[in-house]
Every structure is written in structure tokens, then in C-alpha cells.
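A.B. asks: First the structure, which I've put down as C-alpha cells, then a few questions once you've had a look.
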Amino acid sequence: MAYKLRQLSLPLLPSGASDIRILHFSDLHLTPARKGEITDIKGWAKLKPDLVISTGDFLAHREAVGVALSALKELLDIPGLYVFGSNDYYAPKFKNPLSYLNKDSGERNLGEKLPIEEFDRQLQDRGWINLNNMRSSIAINGLTIDVRGTDDAHLGLDDYEKASGKKSGDLSIGVIHAPYARVLDAMALDEIDLIFAGHTHGGQVRMPWFGGSRSLTTNCDLPNWRSRGLTKIDNQPYLNVSAGMGYSPFAPFRIFCPSEVSLANLTRTDAITR
């Protein structure tokens, strides 16, 4: 499975700080049959990130817990943050792909319950921090990072009040699965510096457009132009939306929207670009 490594640089760290490399992945939608994707994931540790962030939808099959843990084995030795998406709780079911183009009715066609509790326990046992409606802090390269997140907003499981509060430390990061406006706006009020999200698949099907391509949907209320990549609006936080690695077993295609993983290099605000 081929994927794109999307690299970005953001001057968000205080003077004198060392750079922080963040590996951001999302929407693996793993099944035991995804051999190529599993091989790709196992190679990510070679990117030598200082911090790993997953924005959910690790799973897409009842037998995928062991598969995911095996694929992530080396990354689990690195500090990590994560939240869950709907397909971590419920296996995907067949639905008409064209339904994604309709206005969201709020109805969810959920599959069988997945063993998410065991997966969660294993991730936490390896030291990764669960940020589903949680707030915590982590030390990376001598800096204190305020981290908070929400459970899946697409299922209505988000409760940002449990994680809210003005930012603290040297940097503040938000981690969410589905980038709904209510969550983004709440984090903006708390003056978060940077938010990582997934869920959109970058549109999954994109149309050729001037200078690139354009998504037809985000599967949430995020504007289409923010469906993937790094964007910023006025004084709101930076938002990095991953187009994700996988897809539902019932929609096994991507058009003008390759699988991707992000490597964000955070630098000092006073860094001089040459």
C-alpha cells in the first residue's frame, strides 16, 4: 500500500527550545488482510518522531486488536497520545457511498461492537495517553506540553467540558477524531495552539481542481477546503487534518486522495528561516 508522507513545519515553541517532531496518523481501519498497510506502519518508527499522535479509527475488524498492536509495536516505545473514532467502537457496515454526499441526518448505521476496552488497556500499558474527554500533560525535549482531547464527536461522545481550561505549559495541543465545529470552537476559546484531527479521509474521493484537487465531503460540518492538511482561520488554532491511511472494507478505494501520514516539525517562534 503506497502512502504519502506529508511534512510541515510550525514555529510554535519558545525561544531556546529544541525542535519537536510529531508523527500524526489517523484512520488506519485495520483488518488482518491489510498486509501492505501493516508493513507501512511498521516502518514509521524509522522517521524518529519525538511524539506520536493518533486521531482514531485504528480498527475495522473484530480481530484487528492484535494486528494493530503488532503493527504499532515499535511506535509504542515512543511517547504517544490518542483518541478513538466510531470504527474503534463498532465494525463498519455496508452503506451506500453516495450517502456521504447528503446532509448529515445524525443517524448512524453501526456494526458489531468491537473489543475496544482491551485495545485501550494495551495502549495505556505501553505508556500512551488516552485523551478521550481527558486532559493531561507530557514532557518532550524538556518542554511541558498541555494536551487534551475529546471522544468521537461523530457519535456524539464528545464532552469537551471534561478537558477544558485555559492552556498551560510551553505548548498546548488538542487531539480529536472528527473535527466538528463545536469542538474546534471550544478549543479555540481555550487558546489551544494546535489541533490534530482525522475522520474526513481527505474526502476519500476528490475531483481535479485548479492547482490540485477538491473534496466533495468531509463527513462532518468542517468546510470542504479544510478536509486535509494544515489550515488556520484568523486567531483560531492551527488545524492539521490527516487524510488517513485506510478506508472502510466496504469502500476500498481512494481517488485523487492518497493515503498519508504527517510529520510535523515544531520549531521556535524566533527561528530564522534561510
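No lab work stands behind these numbers, since they all come straight from the coordinates. As the structure is a computational prediction, the values presented were derived from the model and not from experiment. Glycine gets a Cβ as well: all are built from the backbone with ideal geometry, and neighbour counts include every protein chain shown.
A.B. asks: Given contacts defined as C-alpha pairs under 8 Å and at least six residues apart, what's the relative contact order of the chain, whole-number percent?
C.D. replies: That works out to 27 percent.
A.B. asks: Let me ask something else about it. Under 16 Å Cα-Cα from residue 42, which aspartates and glutamates qualify once same-chain neighbours fewer than 8 residues away are excluded?
C.D. replies: Those aspartates and glutamates meeting the cut-off are 27, 74, 77, 260.
A.B. asks: Further question on the same structure: Give me the extension gain from residue 256 to residue 185: residue separation times 0.36 nm, minus the current Cα-Cα distance, reported in nm with one decimal.
C.D. replies: Fully extending the segment from residue 256 to residue 185 adds 22.6 nm.
A.B. asks: Still on this structure, I have one more. Ranked by Cβ crowding within 10 angstrom, fewest neighbours first, how are 24, 154 ordered?
C.D. replies: Going from least to most buried by this count: 154, 24.
A.B. asks: In whole Hz, what ³J(HN,Hα) sequence does segment 41-55 give by Karplus (6.51, -1.76, 1.60; θ = phi - 60°), x for Gly and Pro?
C.D. replies: With coefficients 6.51, -1.76 and 1.60, one gets 4, 4, x, 5, 4, 5, 6, 6, x, 8, 8, 10, 10, 10, 9 Hz.
A.B. asks: Right, something else. Just add up the charged neighbours of residue 120: K/R +1, D/E -1, any other residue whose Cβ is under 15 Å from the Cβ of residue 120.
C.D. replies: -4
A.B. asks: Using the Karplus curve 6.51 cos²θ - 1.76 cosθ + 1.60 with θ = phi - 60°, what ³J(HN,Hα) values do you get for each residue of segment 201-218, in whole Hz, with x for Gly and Pro?
C.D. replies: Result, rounded to whole Hz: 6, x, x, 6, 10, 10, 9, x, 9, 4, x, x, 8, 9, 7, 8, 7, 10.
A.B. asks: Give me the one-decimal Kirkwood hydrodynamic radius in Å for segment 133-274, with the sum taken over alpha-carbon pairs.
C.D. replies: For segment 133-274, inverting the mean 1/r across all distinct Cα pairs yields 16.1 Å.
A.B. asks: Please express the Cα-Cα pair-distance distribution P(r) of segment 4-268 as a list of whole percents, one per 5 Å bin, running from 0 to the bin with the greatest distance.
C.D. replies: Calculated over all Cα pairs of segment 4-268, the distribution is 1, 6, 14, 19, 21, 18, 13, 6, 2, 0, 0 percent.
A.B. asks: Helix-derived [θ] at 222 nm for the chain: sum -39500 (n - 2.57) over DSSP H runs of at least 4, divide by residue count, nearest 500?
C.D. replies: So the calculated ellipticity at 222 nm is -4000 deg cm²/dmol.
A.B. asks: Go through segment 232-245 residue by residue and turn each phi into a ³J(HN,Hα) via Karplus (6.51, -1.76, 1.60, θ = phi - 60°); whole Hz please, and just put x for glycine and proline.
C.D. replies: 8, 10, 6, 9, 7, x, 4, 10, 10, 9, 7, 6, x, 9
A.B. asks: List the residues whose amide H sits under 5 Å from the amide H of residue 137, counting only those 5 or more places along or on another chain, with H placed 1.01 Å from N in the peptide plane.
C.D. replies: Correct list: 147.
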